[in-house]
Amino acid sequence: MPFVLDNSVVAGWFLESQATPYTEAIAVRLADDTALVPALWELELVNVLRTACLRQRMAAQQAQAVLQRIAVLPIEVDRHPVPRSELLALALRFGLSSYDANYLELALRKQLPVATQDEALRSAAIAAGVGCVEGGAAAT
């Protein structure tokens with residue numbers, strides 16, 4: 001079953017400080033599944049890599065290699081325009097950042113669980129009824 005993939009999970013695939021058994025389980029799940037991400041995800045990913053380079057956690061060449069590896073994964077970028085008013089409403093209702101509200105909106109629109117390490121987004125996905133991906137299985 002497809003799922004919405006938060007950048008907090010993806011960061012664990014290439015940053016040791018973010019790696020957990022959960023991030024590994026989601027990586028394994030992608031071998032047989034598809035993840036959806038909002039367009040914002042691309043900017044977040046590049047910013048995480050940029051920050052890792054600036055903090056000397058990886059070299060620029062390694063960051064470029066990460067982008068190349070991620071580009072071949074079954075991750076689909078959803079470019080559906082979302083009204084700002086809807087994002088604000090979700091952010092306020094669930095106590096989320098506007099960025100996390102974007103992931104929740106996608107999950108609600110597609111009726112898919114969310115794979116995330118972010119506790120606020122996890123709680124919001126459960127409260128909203130789409131649930132979260134738990135070690136490879138959706139929990140609601």
For segment 28-140, with the dipole built from +1 on Lys and Arg beta-carbon atoms and -1 on Asp and Glu ones, taken about the Cα centre, which of G135, L112, P74 lies farthest toward the positive end?
-> P74
With DSSP loop assignment and no more than 13 other C-beta atoms within 10 Å, the trypsin sites (Lys or Arg not before Pro) in segment 50-140 are R55, R79
Considering only the chain, what is the antiparallel percent among its DSSP beta bridges, to the nearest 5?
-> 25
Out of A101, A11, A31, a Gaussian network model of the chain with alpha-carbon springs under 10 Å gives the largest mean-square fluctuation to A31
Relative contact order, percent, of the chain when contacts are C-alpha pairs under 8 Å separated by at least 6 residues?
-> 29
Between R55 and Q68, how many nm apart are label points set 7 Å from Cα along the C-beta direction?
-> 2.5
Label-to-label distance, nm, for residues given as M1 and R93 (7 Å Cα→Cβ offset) | 2.0
On a 0 to 90 degree scale, rounded to 10, what angle separates helix 84-94 from the longest Cα axis of the chain?
-> 80
For the chain, find the longest principal axis of its Cα atoms and tell me its angle to the long axis of helix 98-110, 0 to 90°, nearest 10.
-> 60
To the nearest 10 degrees, how steeply does helix 40-54 sit against the main Cα axis of the chain, on a 0 to 90 scale?
-> 30
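A short reminder: the numbers here are calculations on the coordinates, not readings from a lab. Not measured: the values here are computed from a predicted model. Every residue, glycine as well, gets a Cβ built from its backbone with ideal geometry; the counts of neighbours run over all protein chains shown.
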